[in-house]
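*Asks:* Here it is: the structure, laid out below.
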Amino acid sequence: MPISTYTQAAGDAFRSIGDFASNLVAPTVRLGVTGLARSGKTVFITALVHNLLSGGRLPFFDAAAQGRLVRVYLEPQPDDVVPRFAYETHLGNLVGKPPRWPESTRQISQLRLTIEYGSTRFWKRQLGRERLHIDLVDYPGEWLLDLPLLRLDYREWSRSAIKQGLMPGRKKAAKPWLASLGLVHPNDPANEAVAERLSDLFKAYLREARADPHALSTLPPGRFLMPGDLAGSPALTFSPLESKEDESFPRGSLWAMMERRYEAYKTHVARPFFRDHFARLDRQIVLIDVLAALNGGQQAVADLERAMTEILECFRTGTNSLWSSLFAPRIDRIVLAATKADHLHHQSHDRLEAILAKLTGRAMARAEFSGADVKVLAMAALRATREGEARRNGETLPCIVGYPLPGETIGRRTFDGNEEFAIFPGDLPTDPEAALKGWHTEEGEMRFVRFRPPNPRPLPSGGFAPFPNIRLDRAIEALIGDRLA
Ligand SMILES: Nc1nc2c(ncn2[C@@H]2O[C@H](COP(=O)(O)OP(=O)(O)OP(=O)(O)O)[C@@H](O)[C@H]2O)c(=O)[nH]1
Ligand SMILES: [Mg+2]
C-alpha cells in the first residue's frame with residue numbers, strides 16, 4: 001500500500017474512533033447542505049436554525065408538532081480548523097432595514113445545533129431527555145462542480161470544457177479564450193507567461209458566463225470562480241488545451257505543465273475538500289433552483305440536468321462508484337429539494353415537485369442509490385411572498401405578492417425594493433415533461449422577478465418571529481425526523 005494511502009486510511013480510522021467516542025455522549029448527525037451556486041444553501045441553513053431556535057410552527061416535523069422539543073440551542077463550534085457559520089450575521093441581514101439576502105459564500109463554515117427532546121419510546125422517556133447534535137456545513141456552491149472532475153483526466157476535462165465553451169449560451173463569453181487556444185500548440189515549451197495568459201482568459205470566460213442573467217449552470221474548476229484562500233496560487237494557473245485523441249506530448253511541454261497543475265488541483269484542492277467535509281456526512285439535502293432553469297429556457301434546463309446528473313452520479317452509494325471507492329460514504333437519506341417555491345402559487349407546488357422528480361429521475365436511476373432513502377420536495381426555506389388575488393378582464397387570478405428587489409423589472413417598470421407588487425406567476429404545466437421542454441405563459445416566455453426577504457416581525461419578548469416558509473417542516477422531518485423518534 002503506498003504510504004499516502006496508508007496514512008490517509010489511518011487518519012480515517014482515527015477520525016472514526018473520535019466520531020464514535022463523541023457519539024456515545026450524544027449522537028451527531030452531519031447534515032450536508034449541497035447545491036450549485038445561488039441555489040439557496042445559506043438561506044436554508046439560517047432559516048432552518050432560526051425556525052428551530054425560535055419554536056417555529058412546523059406541523060409536518062413530528063417532534064415539534066408533538067411538543068417533544070424540550071430545548072434547542074447552538075453549541076460552540078466543535079471543529080477547530082473549520083470557521084463557524086456566521087449565523088448571527090446572516091440573520092442580522094435578513095431582519096435588517098431593509099432586509100437583505102446573504103452574500104455569496106466564499107469559504108467553508110460549520111454550525112452545531114443541539115436538540116434536546118423527549119423520545120416517543122417509553123423506556124427511553126424514563127431515562128430523561130435525549131440529545132442530538134446536528135452539524136451543518138455551508139460552502140460556496142461553485143466548489144461542488146469539482147466533484148465530477150475527480151474522475152476526468154486532463155485530456156477528458158479539456159475536451160469537455162472546450163465543448164461547453166462552444167455551446168450557444170456560452171460561445172460569446174468564451175470567444176477570446178478559445179481564440180487564444182488557437183495561437184498556442186500543446187507541444188510548445190512550457191512557459192509561465194503563456195500559462196498565466198491562457199488561465200486568465202479562461203477565468204474571465206467563466207466569470208462572464210456566470211454573470212449573464214440567463215446563465216446556464218456554472219462550470220468547473222470551482223476555485224477559479226471562488227478561490228477561497230487560494231487566490232493567486234499557482235495551483236489555479238492552468239487552462240484546458242486542444243489535442244487530438246492519440247497525441248502525446250513530451251516532458252517540458254506546455255501540455256505537460258498544464259496537465260501537472262490540473263492533477264495537482266485535483267489532488268491538493270478538490271479531493272481534500274470532499275474527503276474532509278463530504279465523506280463523513282450522514283444525511284444530505286441537495287438544493288436545486290429548478291425555477292431559475294425553467295426561467296432560462298430549454299437549454300438552461302438541459303444544462304442543469306447535465307450538471308446535476310454529473311454530481312448525483314458521483315454520490316451514488318453502489319460499491320463500484322467513484323464516491324464509494326474514494327470516500328466510503330455512509331449517507332442513508334437524501335432529500336432533493338426545488339428551492340424558492342414561493343415564486344409560485346401553492347397550486348403549482350406539487351407540479352414543481354413532479355418536475356424536479358423528472359429532472360433528477362434519470363440521474364437517480366443511473367446513480368443506484370441502494371440503501372439510501374430519497375425524497376423529492378418543493379420548498380421555500382424563507383418565504384418572501386404571500387398569496388393574493390387580482391382581477392383582470394373580469395377574471396380572478398391567483399397572485400403572489402412581495403417586494404421585488406431593487407433593479408428588478410416587469411415590462412417598463414423598474415422596482416426600487418420598497419414597493420409591494422402583485423404578480424400573476426402562471427401555473428406550471430401538469431405534464432412535467434412539457435415544462436422541461438420550455439414553459440411559457442400566455443404573455444410569452446416566463447420571467448421571474450426576484451423578491452427581497454419579507455419584513456421581519458419583531459416579538460414583544462425580543463428577537464423576531466420565525467420566518468414564514470413553504471414545506472421546510474417536511475424537509476426537516478425527512479432529514480432528521482427518525483433520529484428524534
Ligand atoms: N424567494 C426566495 N428566494 C430565495 C430563497 N432562498 C434563496 N433565495 C434567493 O436565492 C439567492 C441565493 O441564496 P443563498 O442561500 O445565498 O444561496 P447559496 O446556495 O448559499 O449560494 P452560494 O453561497 O453562492 O453557493 C438569495 O440571495 C435569494 O435571492 C427562498 O426561500 N425564497
Ligand atoms: Mg451560500
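*Asks:* Right, Gly388: touching a Pro at 6+ places or on another chain (Cβ under 6 Å) and surrounded by 11 or more Cβ atoms within 10 Å (Cβ to Cβ) or not? So that I can check it myself, show each step before the final result.
*Replies:* Working: touching a Pro at 6+ places or on another chain (Cβ under 6 Å): no; surrounded by 11 or more Cβ atoms within 10 Å (Cβ to Cβ): yes.
When the stated conditions are applied, Gly388 does not pass them.
*Asks:* Taking Pro425 as the residue in question, decide whether it is in a loop (DSSP other than H, G, I, E, B), in contact with a His (Cβ under 8 Å, 6 or more places away or on another chain) and modelled with pLDDT under 95.
*Replies:* yes
*Asks:* Please determine, by comparing only the residues of the range 225-243 that are more than 16 Å from ligand 2 (Cβ to nearest atom) and farther than 16 Å from Ser180 by Cβ, which one is modelled with the highest pLDDT. Break it down stepwise before answering.
*Replies:* So in the range 225-243, the residues more than 16 Å from ligand 2 (Cβ to nearest atom) come out as 229-243.
Narrowing the set further to residues that are farther than 16 Å from Ser180 by Cβ leaves 229-236.
Values: Asp229: 83, Leu230: 86, Ala231: 81, Gly232: 75, Ser233: 80, Pro234: 78, Ala235: 81, Leu236: 91.
So the residue we want is Leu236.
*Asks:* Here's something else I'd like to know. Out of everything in the range 124-139 that is within 16 Å of ligand 2 (Cβ to nearest atom) and at pLDDT below 95, what residue ends up being nearest to Gln110 (Cα to Cα)?
*Replies:* Here is the first cut: in the range 124-139, the residues within 16 Å of ligand 2 (Cβ to nearest atom) are 136-139.
In the following step, the residues that additionally are at pLDDT below 95 were identified as 137-139.
On the way: Val137: 4, Asp138: 6, Tyr139: 9 Å.
Here the answer is Val137.
*Asks:* Let me ask something else. When the residues of the range 88-138 are narrowed to those that are among the basic types (Lys, Arg), over 30 Å from Asp62 (Cβ atoms) and surrounded by 13 or more Cβ atoms within 10 Å (Cβ to Cβ), which ends up farthest from the chain's Cα centre (by Cα)? Please lay out each step first, then the result.
*Replies:* So the first thing to find is which residues in the range 88-138 are among the basic types (Lys, Arg), and the list is 97, 100, 106, 112, 121, 124-125, 129, 131.
From what's left, over 30 Å from Asp62 (Cβ atoms): 97, 100, 106.
Those left that are additionally surrounded by 13 or more Cβ atoms within 10 Å (Cβ to Cβ): 100, 106.
Numbers: Arg100: 20, Arg106: 13 Å.
Residue satisfying both the conditions and the ranking: Arg100.
*Asks:* Kindly indicate whether Arg112 is of a type in the set (Lys, Arg) and touching a strand residue (DSSP E or B) at 6+ places or on another chain (Cβ under 8 Å).
*Replies:* yes
*Asks:* May I pose another question? So if I check each of Tyr154, Tyr117, which one is under 25 Å from Arg275 (Cβ atoms) and either away from ligand 1 (no atom under 16 Å from the Cβ) or in contact with a Cys (Cβ under 7 Å, 6 or more places away or on another chain) (or both)?
*Replies:* Going through Tyr154, Tyr117 in turn, the sole match is Tyr154.
The values are calculated or read from the model by the stated rules, or taken from the named source; none is laboratory data. If you're wondering where the values come from, they're calculated on a predicted model, not measured in any experiment. Virtual Cβ from ideal backbone geometry, glycine too; neighbours counted across all protein chains shown.
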